[in-house]
């Protein structure tokens, strides 16, 4: 596994070593000791989640706050997404900065999303199967988010907004200014 820094502090792109032969491929998706050696971060993950989305579905921008804030490693099992994170930690040198990357079932990249980051993705294939490895249990009272088209964050989804499919909850998330002043 390669662990590459992104432009956002404490956020990493994980590139697996893929073994391929006439039968197909094999890869190690996570190994705690190796990740700790390469990143300097030793997390204990306690919950895995999975979502299935169709073309044009946008899920985000979400985060957990308070004592149940989550660090996540996210990846695509099937399909292709534009994955987007934003640093929402006011004391961070990359506060309010955005990073996006294509995650798909061909490159098999993963993204390490630390506590204090907003996260979302847009499905670019007919269907996507998306996996989340979390270091905290999901707690409904701790969930929060910022609207996907926030003018202060200016996220380039590179996709027509009128074709995006969002949950009713995601359509009414607060703006960055409403949340952070």
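Every number here is computed from the coordinates shown, using simple stated rules; none is lab data. Computed from a predicted model, the values in this text were never measured in an experiment. Because the Cβ atoms are built from the backbone with ideal geometry, glycine has one as well, and the counts that use them run over all protein chains shown.
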Checklist entry - Quick one: Debye curve from the C-alpha atoms of region 1-150, no solvent, what's log10 I(q)/I(0) at q = 0.21 Å⁻¹? => result -1.52
Next on the checklist: Sort 8-14, 34-40, 105-111, 80-86 by packing, meaning the average of other beta carbons within 10 Å per residue, with the highest value first.
Outcome noted: 80-86, 8-14, 105-111, 34-40
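R0 = 22 Å: FRET efficiency of residue 178 with residue 137, Cβ-based, nearest 0.05? Before the final figure, lay out the partial values.
On the way: r = 27 Å, r/R0 = 1.23.
Plugging the Cβ-Cβ distance into 1/(1 + (r/R0)^6) gives 0.20.
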Checklist entry - Which distance in nm do the two modelled labels at residue 23 and residue 4 give, with both placed 7 Å along the Cα-to-Cβ direction? => result 3.0
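What is the gain in length, in nm to one decimal, between residue 125 and residue 159 on full extension, counting 0.36 nm per residue of separation less the C-alpha to C-alpha distance?
Values: separation 34, 0.36 × 34 = 12.24 nm, distance 1.24 nm.
Answer, rounded to one decimal: 11.0 nm.
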Item to check | Most mobile listed residue (133, 169, 96) in the chain, GNM with C-alpha springs under 10 Å | outcome: 169
Checklist entry - Which whole-number percent gives the relative contact order of the chain, counting Cα pairs below 8 Å spaced six or more residues apart? => result 28
Checklist outcome for this item: Expressed in nanometres to one decimal, the distance between label points 7 Å along Cα→Cβ at residue 31 and residue 15 is 1.8
